[in-house]
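Everything below concerns the one structure shown next.
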Number of protein chains: 2
Amino acid sequence: MTTALPPGSTIGILGGGQLGRMLALAGARLGLRSHIFAPEEDSPAFDVTRWHTRAGYRDEAALETFARSVSAVTLEFENIPVGTVEFLSRLVPVRPGAKALRCAQDRLNEKALARELGAMTADFAVIDSLADLERALAGPLEAPAVLKTRRFGYDGKGQAKVMRREDAAAAWAAIGGKPGAILEAFVPFEREVSVVAARGIDGGFSAFDVTENEHRNHILHRSVAPARISEATGRMGVDTARRMAEALDYVGVFAIEYFVTGSGAGERLLVNEMAPRVHNSGHWTIEGSDTSQFEQHMRAVAGWPLGSTRRRAPAVEMINLIGDEMGEWTRIAADAGAQLQHYGKAEARAGRKMGHVTRLLG
Amino acid sequence: MTTALPPGSTIGILGGGQLGRMLALAGARLGLRSHIFAPEEDSPAFDVTRWHTRAGYRDEAALETFARSVSAVTLEFENIPVGTVEFLSRLVPVRPGAKALRCAQDRLNEKALARELGAMTADFAVIDSLADLERALAGPLEAPAVLKTRRFGYDGKGQAKVMRREDAAAAWAAIGGKPGAILEAFVPFEREVSVVAARGIDGGFSAFDVTENEHRNHILHRSVAPARISEATGRMGVDTARRMAEALDYVGVFAIEYFVTGSGAGERLLVNEMAPRVHNSGHWTIEGSDTSQFEQHMRAVAGWPLGSTRRRAPAVEMINLIGDEMGEWTRIAADAGAQLQHYGKAEARAGRKMGHVTRLLG
């Protein structure tokens with residue numbers, strides 16, 4: 001605990017969305033101040049702390065002033081430029097660091113690391129041209145498959161299904177037709193699950209219960225903990241998460257998304273992707289766990305011991321409120337079993353995550 | 001629900017201490033913004049919201065600007081001048097209003113109201129001079145008794161025990177020797193309990209479980225819910241709270257502190273005092289109840305329906321961290337069963353409430 005930042009310390013957070021907002025709220029509980037750094041004037045995280053800097057991620061003067069006003073820096077989304085993290089790292093500890101970010105920003109690196117550590121992934125091929133794509137579809141990776149940009153995709157953006165070999169040109173055009181893509185074999189999965197876990201600066205590791213996730217239109221719709229998988233499969237998932245975190249010298253909360261294939265003794269996990277940050281599928285922990293993923297992350301970043309991840313109910317459900325669905329707030333507010341979290345966003349654009357509702361079940 | 005303030009609305013909070021801080025944090029969950037109005041530069045609540053005004057409670061220009069920037073106003077402590085609330089009330093709804101504040105600022109009014117509604121209190125006498133005090137001690141109110149200022153007392157300040165009739169002059173001097181005091185019969189109580197409850201703008205009412213409180217040096221040390229009293233006694237306490245709230249047209253969370261005397265069929269509650277605000281003995285609700293007292297208050301002030309007050313564990317314990325006790329934060333942070341709330345105060349003065357720790361029990 002000699003390296004722990006005491007209450008009253010300020011944590012810098014790169015990114016001002018709902019994840020940064022919930023991190024700042026969780027930090028306040030521990031007496032940790034948050035300074036948000038984000039380019040958008042209407043950043044929801046600006047509303048819940050006294051300190052923010054509105055500037056671009058490549059504005060070195062602003063970054064330097066920011067770094068000198070905080071005791072450690074973290075990030076709320078993975079598409080922060082690695083150069084920004086490298087620049088800040090020369091002035092202040094950044095947790096997680098550039099190594100983790102560089103891996104998580106590229107689907108190829110993620111999959112390569114997972115395989116190196118003995119975990120399974122979907123079969124894949126690197127695609128830098130339409131010719132690469134046609135070659136892959138002719139050989140080892142028959143359709144159906146999914147063509148994805150290696151970098152900067154989220155919520156289904158930068159993805160195209162390739163149902164038949166003849167769809168290659170259309171799919172290539174759909175994702176922008178630029179080098180830096182990956183073709184992944186279509187995985188006929190039973191379900192999608194995630195492990196949200198934390199690693200401390202002392203190497204301590206702690207995972208929340210494996211969570212089962214249901215997507216709609218490529219956006220997370222519903223998470224339930226615990227997931228309907230065997231204990232052995234769950235242990236495998238947590239073990240892979242631990243080994244990935246160790247390989248990346250990771251500090252903080254992160255998530256590994258898995259596909260579950262087969263059943264019974266044939267149940268298997270395939271690593272889909274890693275998010276080097278708190279994760280939508282961990283929002284249930286705010287009410288459902290002794291320590292929320294947000295508090296856990298702030299503890300790790302501040303060098304505190306990790307908190308208890310004991311689940312507080314037989315099951316916990318989280319449902320996202322997307323776009324217009326927040327219009328239902330009066331009904332939700334009147335529902336005794338529903339616990340509302342509103343992200344403070346003014347404009348309910350289609351597909352935009354506006355808040356979520358948690359229920360302790362059973 | 002037609003009068004409910006939607007998410008994105010700003011609630012003004014008079015007072016910038018830990019109660020205002022926890023109100024702002026709870027409001028953020030619901031998408032409600034908080035604007036803190038307080039005179040002290042180091043107000044802990046300033047740290048957790050983007051909006052604050054640092055000004056005195058009698059600065060009408062500052063109050064007017066504040067009122068015009070918010071949709072409703074509430075308060076985090078009862079010693080706000082009634083004139084401030086009356087001034088603001090002409091510009092914006094203030095919840096709770098001047099009527100409740102006027103009652104709660106005066107021990108005589110509190111006791112008179114409680115008795116009018118059929119509740120019991122300690123015997124008391126109005127004391128405006130040493131002669132009054134000597135007369136009371138000679139007659140109906142024999143020592144031991146407690147002499148208290150009627151207004152602006154808290155955490156044992158403005159109180160003096162009168163163990164013998166001969167102590168009258170010393171006690172009178174100890175509380176400042178000014179008109180506006182009250183002499184209360186010493187109550188040989190079994191325990192102290194409180195009812196923390198809320199009333200909505202529609203008259204809806206909801207109480208948390210009756211909480212048992214243990215004081216040290218006149219400052220709350222420990223609260224446990226539920227209190228060790230009979231169901232019937234608990235119902236009486238909640239019923240008195242409801243009737244007091246109705247009599248005061250109360251909106252928001254408030255607390256009634258009771259002395260419990262006797263036992264078994266002889267168990268009785270005596271109203272000690274009312275706090276027109278969220279209350280230290282309700283802090284256990286942050287983890288221990290489906291809705292915390294802070295969220296409940298923000299719901300009431302914003303005109304939302306009250307939330308569920310279901311307790312989440314067989315028992316819940318809250319222990320205050322006073323002065324130096326926050327120095328123990330590294331030990332507390334490492335204790336898996338302890339949930340820390342730090343109030344963000346820089347200086348650990350003796351007797352100052354620095355934070356608290358909650359445990360879900362059993």
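The values are calculated or read from the model by the stated rules, or taken from the named source; none is laboratory data. Keep in mind that what you see is a predicted model, and the values were worked out from it rather than measured. Every residue, glycine among them, receives a Cβ derived from its backbone with ideal geometry; neighbour counts consider all protein chains shown. These accessible areas exclude ligands, DNA and RNA; they are computed on the full protein's heavy atoms, side chains included. Shrake-Rupley method; radii C 1.70, N 1.55, O 1.52, S 1.80 Å.
For the range A:1-155, just run the numbers: alpha carbon Rg, then divide by 2.2 N^0.38 Å, N being how many residues it has. The reported ratio for this selection is 1.29. Take every pair of alpha-carbon atoms less than 8 Å apart whose residues are at least six positions apart; their mean separation over the length of the range B:69-178 yields a relative contact order of 19 percent.
Excluding ligands, DNA and RNA, what is the solvent-accessible area per residue of chain A at a probe of 1.4 Å, expressed in Å²?
38 Å²
Chain B packed on chain A takes about 3500 Å² of accessible surface away from a 1.4 Å probe, both sides summed.
Looking only at the range B:103-141, which residues have a backbone nitrogen under 15 Å from a spot 7 Å from the Cα of B:E246 in the C-beta direction? Counting backbone N atoms under 15 Å from the label point, the list is B:114, B:116-119.
Rg ratio for chain A: its Cα radius of gyration over 2.2 N^0.38 Å, N being its residue count, equals 0.98. Computed over the range A:205-269, the P(r) curve from all C-alpha pair distances, binned at 10 Å from the origin, holds 18, 48, 31, 3 percent per bin.
Contact with the other protein chains removes 50 Å² or more of accessible area, compared with the isolated chain and a 1.4 Å probe, from these residues of the range A:327-362: A:W329, A:A333, A:Q339, A:L340, A:H342.
The slack between A:R135 and A:D59, meaning 0.36 nm per residue of separation minus the straight C-alpha distance, is 23.1 nm. When the P(r) of the protein assembly as shown is calculated, the portion above 39 Å amounts to 39% of the C-alpha pairs. Working value for the range A:71-175: equivalent-ellipsoid semi-axes of 33, 15, 10 Å, each the square root of 5 times a Cα gyration tensor eigenvalue, largest first. Shape analysis of the range A:146-212 places it in the prolate category; the axes a ≥ b ≥ c from the Cα gyration tensor give an a/c of at least 1.5, with a/b above b/c.
Only aspartates and glutamates eight or more places from A:K161 in sequence, or on another chain, were considered; those with a Cα closer than 13 Å are A:E142, A:E184.
Roughly how many percent of the accessible protein surface of the protein assembly as shown is carbon and sulfur, given a 1.4 Å probe and a whole-percent answer? In the protein assembly as shown, the share of accessible area belonging to carbon and sulfur is 49 percent.
Computed over chain B with a Gaussian network model linking Cα atoms closer than 10 Å, the most mobile of B:A241, B:A300, B:A122 is B:A122. Looking at the P(r) of the range B:166-252, how many percent of alpha-carbon pairs lie beyond 17 Å? Pairs farther apart than 17 Å: 64 percent.
Simple rule: put +1 on each Lys or Arg Cβ and -1 on each Asp or Glu Cβ in chain B, find the dipole, and look at B:I127, B:F254, B:G139; the Cα lying farthest toward the positive end is B:F254.
Restricting the calculation to Cα atoms, the range B:188-335 shows an Rg/Rh of 0.98 when the hydrodynamic-style radius is the Kirkwood one. Short version: which residues of the range B:1-45 lose at least 20 Å² of accessible area, all chains versus chain alone, 1.4 Å probe? Checking the loss per residue gives B:M1, B:P7, B:R21, B:L25, B:A28, B:R29, B:L30, B:G31, B:R33, B:E41.
Paramagnetic label reach from B:S69 (point 7 Å along Cα→Cβ; backbone nitrogen cut-off under 16 Å): within the range B:92-114, residues B:92.
With a threshold of 22 Å on the Cα-Cα distance, the over-threshold entries among B:K178/B:K353; B:K178/B:K345; A:K148/A:K178; A:K148/A:K345; B:K157/B:K353; A:K99/A:K157 are B:K178/B:K353; B:K178/B:K345; A:K148/A:K345; A:K99/A:K157. Of the trypsin sites (Lys or Arg not before Pro) found in the range A:1-82, those in coil by DSSP whose Cβ has at most 12 other Cβ atoms within 10 Å are A:R58. Modelled this way, with points 7 Å down the Cα-to-C-beta line, the labels at A:R352 and B:D239 are 5.1 nm from one another. For the range A:324-362, GluC sites (Glu not before Pro) are listed when DSSP marks them as loop and at most 11 other Cβ atoms sit within 10 Å of their Cβ; the list is A:E347. The charge dipole of chain A, taken about its Cα centre with unit charges on the Cβ of Lys, Arg, Asp and Glu (plus for the first two, minus for the last two), comes to roughly 480 debye. Summary value for chain B: 15 percent relative contact order, contacts being C-alpha pairs under 8 angstrom separated by 6+ residues. Of the trypsin sites (Lys or Arg not before Pro) found in the range A:228-311, those that fall in a DSSP loop while having at most 15 other beta-carbon atoms within 10 Å are A:R228, A:R310.
Excluding B:A241 itself, what net charge comes from residues whose Cβ is under 13 Å from its Cβ, given Lys and Arg +1 and Asp and Glu -1? Show your work: numbers first, answer last.
Values: positive: B:R199, B:R235, B:R242, B:R243; negative: B:E110, B:D209, B:D239, B:E246, B:E257, B:E273.
Residues close to B:A241 contribute a combined charge of -2.
Taking a point 7 Å from the Cα of A:N109 along the Cα-to-Cβ direction, the residues of the range A:147-183 with backbone N closer than 12 Å to it are A:151-152.
For the pair B:R151 and A:R102, label points projected 7 Å from Cα toward Cβ lie 6.8 nm apart. Short-range pairs are left out: with C-alpha atoms under 8 Å and at least six residues apart, the relative contact order of the range B:1-132 is 21 percent. When both the range B:247-302 and the range B:92-109 are represented by their alpha-carbon centers, they are found 16 Å apart.
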